[in-house]
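One structure is given here, and the rest of the page talks about it.
The values are calculated or read from the model by the stated rules, or taken from the named source; none is laboratory data. This one's a predicted model, so the numbers in the text were calculated from it and none came from an experiment. Positions of Cβ are generated from backbone atoms using ideal geometry, with glycine treated the same way; all protein chains shown enter the neighbour counts.
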Amino acid sequence: MCLYVCAIANVYVQPNFPINMKIIIALFSCMMFVFSAPFEKQNKTNSPSDNAESEAKDMATANKQSSTRAPRLVVRRDLPFGGGVNLVFRSADGGQTWQDISEGLPDNLQRDGFIVNEDGLYLCAGNGIYHSMPNFTTPFWKKEIFPDKHTSLAPGKHGIFAYNNDGQFLQRINGTSAWSPVYSSFQEKQVRTIFESDRGTVFVGTDKGLFKSINSGETWKQVYARGWGMKIVELNGVLMATSQEGIIRSTDNGENWELVISEGGVGISVEVINGGFAAITYNTMLKTRRVRTSYDGGKTWQPIDYNLPADASIASIVQVGDNFFCGHPAGIFRSSDNGKTWKLLFHSVENKVFNLSVSGNVIYAIPKNGGC
């Protein structure tokens with residue numbers, strides 16, 4: 001509009017300009033002003049500054065409405081070619097914030113083939129094993145070539161074990177890079193786990209039960225035969241394991257095992273916590289899982305899930321400091337009062353259940369279909 005006014009004024013101040021041309025220009029300028037007014041109004045309505053202000057107001061409203069909800073992760077979509085997303089998450093602040101550290105990992109990740117120890121997280125994927133240190137502040141993975149027929153990992157006293165379903169074992173001794181075959185005399189198949197006790201006894205869990213060797217794998221003895229045996233942990237000379245019957249316990253270096261939690265279901269997970277054990281079991285009749293703790297070597301167990309939403313796919317339970325963390329189909333829950341109350345910290349991703357592991361004060365969460 002200012003341009004039209006200036007143009008008319010400039011014409012009229014010219015003394016030699018014909019009067020009839022001045023009238024024509026004035027009429028044309030007025031017509032342009034009338035027709036341009038709606039367009040100026042529309043441009044003003046859709047100006048970037050107004051859009052930004054509107055978006056800011058909408059975001060403030062959304063944040064206010066969601067202030068009482070558990071935080072959702074904003075997933076990056078600008079990763080370089082081959083960068084993974086939603087494969088591994090990490091928290092170093094007690095579960096308050098979670099970082100997607102999947103960048104650099106391939107999509108063919110073996111979600112069962114991982115371990116966490118004092119050196120961080122190790123993952124299997126194809127012919128590689130990927131390692132991330134717990135003190136890394138940005139996603140960084142070191143890859144080494146790895147026999148792809150070995151799809152599972154387990155910690156050992158002297159180095160990491162790798163194994164497969166056919167009962168073939170490798171071990172990489174700490175401080176070395178070579179993988180060497182071990183326990184070639186073991187003849188059973190359907191291997192589910194391998195564990196080395198503080199006394200140096202080696203246990204292998206299979207679909208047929210638990211086997212034990214006290215001479216570095218030269219000979220093996222079956223010590224539990226009532227269905228499959230899986231995860232094994234140890235605290236102060238007490239061994240605890242998940243089994244087809246529930247949670248089993250041994251106080252004589254695995255020579256004999258007793259059933260300490262049985263409710264018509266199976267053992268899902270068992271972990272060492274501060275001064276005791278935590279376990280998850282599944283009741284096949286009620287179609288739900290229970291979470292319990294024990295502080296007397298597994299003799300007695302107390303439920304800590306009364307205020308945790310009941311579900312048939314609760315996957316894992318770990319402890320960091322005074323806080324318990326539970327991998328649940330709804331997401332990751334935290335309890336700061338020994339299981340009396342639970343708070344949802346982080347929603348589930350892609351309808352998967354988080355399997356949780358701890359290295360020092362760092363929590364790793366790996367989403368998996370159906371949990372454990």
Problem set entry | Inter-residue pairs, beta-carbon under 7 Å, first touching a residue at least 12 places away in the same chain (Cβ under 8 Å) and in region 238-266, second in a strand (DSSP E or B) and exposed (fewer than 14 other Cβ atoms within 10 Å of the Cβ), 6+ apart | GLU245/LEU259; GLY246/LEU259; ILE248/GLU258; ILE248/LEU259; ARG249/GLU258
Seminar exercise, completed: Residue hits (region 324-343; closer than 25 Å to GLY120 by Cα and surrounded by fewer than 17 Cβ atoms within 10 Å (Cβ to Cβ)) are SER336
Exercise. How many residues does region 86-133 contain that are in contact (Cβ under 8 Å) with a residue 60 or more places away in the chain and within 21 Å of PHE333 (Cβ to Cβ)?
Worked result: 12
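Does ASP112 satisfy being in the same structural domain as LYS352 (by TED's automatic domain parsing) and modelled with pLDDT of 90 or more? Steps first, please.
On the way: in the same structural domain as LYS352 (by TED's automatic domain parsing): yes; modelled with pLDDT of 90 or more: no.
No.
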Exercise. If you go through region 276-313, how many residues are outside any loop (DSSP other than H, G, I, E, B) and out of contact with any Cys (no Cβ under 7 Å at 6 or more places or on another chain)?
Worked result: 16
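Given the criteria part of a strand (DSSP E or B), surrounded by fewer than 15 Cβ atoms within 10 Å (Cβ to Cβ) and not acidic (Asp, Glu), does GLN187 qualify?
Values: part of a strand (DSSP E or B): no; surrounded by fewer than 15 Cβ atoms within 10 Å (Cβ to Cβ): yes; not acidic (Asp, Glu): yes.
Spelling it out, it is not the case that GLN187 is part of a strand (DSSP E or B), surrounded by fewer than 15 Cβ atoms within 10 Å (Cβ to Cβ) and not acidic (Asp, Glu).
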Exercise. When region 93-122 is examined, which residues are found to be over 29 Å from GLU196 (Cβ atoms) and not polar (S, T, N, Q)?
Worked result: ASP93, GLY94, GLY95, TRP98, ASP100, GLU103, GLY104, PRO106, ASP107
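Name the single residue, out of those in region 270-296 being surrounded by 13 or more Cβ atoms within 10 Å (Cβ to Cβ) and over 22 Å from VAL320 (Cβ atoms), that is modelled with the lowest pLDDT. Steps first, answer last, please.
Looking only at region 270-296, we keep the residues that are surrounded by 13 or more Cβ atoms within 10 Å (Cβ to Cβ), and these are 270-273, 276-283, 286, 288-295.
Keeping just the survivors that are over 22 Å from VAL320 (Cβ atoms) gives 281-283, 286, 288.
Numbers: THR281: 96, TYR282: 95, ASN283: 90, LEU286: 87, THR288: 91.
The extreme case among them is LEU286.
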